[in-house]
Every structure is written in structure tokens, then in C-alpha cells.
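Asks: Sharing a structure with you now.
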Amino acid sequence: MPLRPTLLRFQRWLWKSPEERRSAVESRLAGALQIFVMVSRELAAGHLTLQAMSLIYTTLLSIVPLLAISFSVLKAFGVHNQIEPLLLNFLAPLGEKAEEVTRTIIEFVDNMKAGVLGSVGLLFLIFTVVSLLHKVENTFNTIWHVSRHRPLARRFSDYLSVVLIGPVLVFSAMGVTASLMGTEWMQWASHVEPLGTLIRLLGRLTPYLLLTGAFMFTYIFIPYTRVRPTAAFAGAAVASVLWETSGRLFAAFVVSAGKYQMIYSAFATMIFFMIWLYLSWLILLAGAAIAYYFQHPEARLRHSTNRPLSIRVRERLALLLLLETARAFVEGREPPIPEELASRLDVPVWMLDPIIDGLLEGGLLVKAGDSRGGLLPARSLDTITLNEAMEVIRSSGERRGLPLIHLPGDPALERIEQAWEGAFATAAGHVTLRKLAERR
């Protein structure tokens, strides 16, 4: 049948390298389709769905403490009464049941008073909120293939700053928007064409814009890696459209699900609520995956390299990474970050993360600045030989895993290994990283 040859031609066209594209328009179209295919594969493989389901349980445990802390902060600014309309808007796809669920949650929040909870209860409240955000960070780090996590002190400071300041910023933005739309000038301009049409269009787009801004902030702040604003915006824009569209479709489903309400009775509301939570997390995670593949096109073009790397490839990547870091140091450039090194080596950044960890643990590299800073040689390049670098690379992970000394020995095999290592040491023992970095 002609379908299979057409599909093969489409696949060859889709996975071409950017250099083979005829125009920028073709490259962008192919890039968008590549991202769609990669995210669809993530969904089909169950990676995103399993993570979304795990977040439902955490959300059910943490939603009341999270709202309680936000409620306390908003109460200090006199805007705590706005939290119920916001929650009602989030649960709007539940239809008539939205008011019931909102009222129940607000009652729980009202009952959580610091005087009643005591110091231990208050600490548990904060711990529950931090645990939720840490779970979300782990999920986002998995999507971004980040193996490192925030230190414990950073978790409390970063997470609580978002919980305490985030609601104020959200309601401030909503208040400013409402105030601008209610001014006399806007009222006058709404009756003047074409300004009136533009203002009405802006009013319809405002929910999408606010939602996109919230998603964009989440995609930039939560993952423990550098996320470009353009990538975060791409994921947030798609996620906001999916959110609004799925909300309307889910609302229509709830209205037409009278039979389910008869079968499950009082449990129907909780079931619909959990399904909507699942869809909400799934959309948020899908947007994060879109942002990842937007920022890392090499991960799209290496779509089949999610298999384990061979030992030879790991060794070559580690040596190239050391060499690129040394050249940046010799040439006086800024210490390269992992994303920059991945772009130069044309590999996904997640391939370099365990290699970088091994070089940091082996004392060949150090981080400049914070834990997400660039990479620097740990000592003088004249003292790091290629032979020492290879020993560190080959022994990476032995401190945390199975040491070589615990394996059974064999005299014949050990003689061959010693001869091979001696030959390599003779050839590479006097070659330093500085010599390699100064060669081109």
C-alpha cells in the first residue's frame, strides 16, 4: 500500500538535521512536529501519566495546608476573600459540584488556625507544603533529566518564598487588570472602533495571558536547571490553551454524566474532582515536556538515544567535556554550564549530568558560584594528566556502587590489565590538559 512509503518519507523529512532544511519556516514546522511526536511518546509510554497520578495523592494531602498558608498571607493584605472565587474558577469544570467542593475546602482552611494547631502542628503544616513542592520539583527534574536537587536549606527558602509571595503577586496582577479595565478611559475607548474590538478581544485573552504567565513562572522556577524564558513561554502557551479547552470539555462531560452520579452517588463529586486534578497535572507536565524539547533540540534529534551509553562513548564524552572546560579556562571565557557543553557536543544535557557528577567527585572539576554555575578545572591544568583523567572516568561511581576490590580476581586477567594500563600510562602520562587545550 502507498501509505507505508509515504510514512517513511515523512519520518525521514521529520528527523532531518537543521542543516538539511531548505528554509527557516520548514525548520520551525519540523521542530514543532518533533516536539509533538516526542511529547506524544512520553504520554504513550506512561511516563507523564504515572507522574500525574502520583501527584494527585500528594495534592489531596497538601491542598488544605497550602491554601491555609496562602490564606494567612492574603489576609494580611486584606484580599483573603478572593481565594474562594479563584478556587471556584479552578473547579469550574466540575459544574454544579464546584461550589460544594469549594465550600468544603474553605471550611477545612478556616478550621486550621495556628492557635489550635500549636507549634508542632504549624511545623507539620509547613512541612506538608514543602513536601508537595519538593515532589513537584522531582517530577519536573525527571522531565528535564536533571539528577541534582535543591539542597535542604534552599528548599525551605525557595518554596516558602513562592508560597508566601506568589499569591500576593497573582492577586495584585488580577487587581491591576480589573482596575485598568474599569477606568473611565477604557470605558470610553470600548465604544470607539476599532479600539472597542481590541479591548473586547483583550478581555477574552486575559485569562489565557494570566494562566500563561503563571505556567511560565512555574516552568522557570521549579526545575533545578536553567530554563530559557522562550522555552518556558512555548510550554506555557500550549498548556494554557489545553487547560481552557479541556476545562470546557470536562464541564460538558460532567453535565452529561448523570448515570455516573446515580451509580456513585455521593462519591461522584470526589471522583470528578480527582479526574480533574489528574487532567490538570497532566497538562502542566505536558507543558513542561514541551518546554524541555523546545530548549533542547538535540534531545529531539537524538530521539533514539535514551538507551544506556556504551563505555567507549562515556569515556569520549567525559574527555571532550574536560577538554571544552579546559579550553574555556585557557581562553579566558566564562565557565561553561552543562547546557552550553551539551550544545557544543551535540548531545542531550541529561547524558552529561552523570559524567559531570563523576568528574566533580573525582576532583577534576568544580562548580563556579552556586550549584548550578559553570564548570572550572579543580586545579592547575599542568597537573592534570590524560592518564589521571582516564582513571577518574573509569572509576566513576565506584564510591557509591560496587568497588572493584570486591570483585573476584584472576591472575592472568590482572596481568593483562596491568600491561594495558601501563602502556596507556606511558603514552598519556605526560600529556596534560593544558597541552591538549592549547592544541587545535
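The values are calculated or read from the model by the stated rules, or taken from the named source; none is laboratory data. This is a predicted model, so every value here is computed, not measured. FYI the Cβ positions are ideal-geometry reconstructions off the backbone, even for glycines, and counts take in every protein chain you see.
Asks: For A423, all conditions in the list (1) modelled with pLDDT under 85; (2) touching a helix residue (DSSP H, G or I) at 6+ places or on another chain (Cβ under 9 Å); (3) in a helix (DSSP H, G or I) hold save one; what is the number of the exception?
Replies: (2)
Asks: Something else: When residues of segment 71-105 are filtered for being of a type in the set (G, A, S), at pLDDT 70 or above and over 20 Å from S256 (Cα atoms), how many remain?
Replies: Of all residues in segment 71-105, those of a type in the set (G, A, S) come to 72, 76, 78, 92, 95, 98.
In the following step, the residues that additionally are at pLDDT 70 or above were identified as 92, 95, 98.
So of that shortlist, the ones also over 20 Å from S256 (Cα atoms) come out as none.
Residues in segment 71-105 being of a type in the set (G, A, S), at pLDDT 70 or above and over 20 Å from S256 (Cα atoms): 0 in total.
Asks: Here's something else I'd like to know. Any idea which of I63, I56 is under 29 Å from A286 (Cα atoms), at pLDDT 75 or above, in contact with a Phe, Trp or Tyr (Cβ under 6 Å, 6 or more places away or on another chain) and of a type in the set (A, V, I, L, M)? Steps first, answer last, please.
Replies: Values: I63 fails: in contact with a Phe, Trp or Tyr (Cβ under 6 Å, 6 or more places away or on another chain).
Being under 29 Å from A286 (Cα atoms), at pLDDT 75 or above, in contact with a Phe, Trp or Tyr (Cβ under 6 Å, 6 or more places away or on another chain) and of a type in the set (A, V, I, L, M) holds for just one of I63, I56, which is I56.
Asks: Within segment 367-383, how many residues are over 18 Å from V146 (Cα atoms) and part of a strand (DSSP E or B)?
Replies: The qualifying residues number 2.
Asks: Output the number of residues of segment 327-364 satisfying the condition of being part of a helix (DSSP H, G or I) and of a type in the set (D, E). Outline the logic, then answer.
Replies: So in segment 327-364, the residues part of a helix (DSSP H, G or I) come out as 327-330, 338-345, 349-361.
Next, only the ones that are of a type in the set (D, E) stay: 339-340, 353, 357, 361.
Qualifying residue count, segment 327-364: 5.
Asks: Now for a separate question. Can you pull out every residue in segment 384-414 that is within 16 Å of L323 (Cβ to Cβ) and part of a helix (DSSP H, G or I)?
Replies: So the first thing to find is which residues in segment 384-414 are within 16 Å of L323 (Cβ to Cβ), and the list is 384-390, 392-393.
L386, N387, E388, A389, M390, V392, I393 - these are the residues of segment 384-414 that are within 16 Å of L323 (Cβ to Cβ) and part of a helix (DSSP H, G or I).
Asks: Another question about this same structure. Just to check your reading of the model, which residue among T177, T218 is modelled with pLDDT under 75 and in a helix (DSSP H, G or I)? I'd like the intermediate steps shown before the answer.
Replies: Numbers: T218 fails: modelled with pLDDT under 75.
Result: T177 is the single residue among T177, T218 that is modelled with pLDDT under 75 and in a helix (DSSP H, G or I).
Asks: Give the residue, chosen from P348, P403, that is modelled with pLDDT under 80, surrounded by fewer than 17 Cβ atoms within 10 Å (Cβ to Cβ) and within 26 Å of S310 (Cβ to Cβ).
Replies: Numbers: P348 fails: surrounded by fewer than 17 Cβ atoms within 10 Å (Cβ to Cβ).
Residue meeting the stated conditions: P403.
Asks: Could you tell me which of the residues V146, V163, V130 is modelled with pLDDT of 70 or more, assigned to a loop (DSSP other than H, G, I, E, B) and surrounded by 15 or more Cβ atoms within 10 Å (Cβ to Cβ)? Walk me through how you get there before you give the answer.
Replies: Details: V163 fails: assigned to a loop (DSSP other than H, G, I, E, B); V130 fails: assigned to a loop (DSSP other than H, G, I, E, B).
When all the criteria are applied, what remains is V146.
Asks: Then there's this: Sort through I337, I405, I356 and tell me the only one that's of a type in the set (A, V, I, L, M, F, W, C) and either touching an Asp or Glu at 6+ places or on another chain (Cβ under 6 Å) or over 30 Å from F221 (Cα atoms) (or both).
Replies: When all the criteria are applied, what remains is I405.
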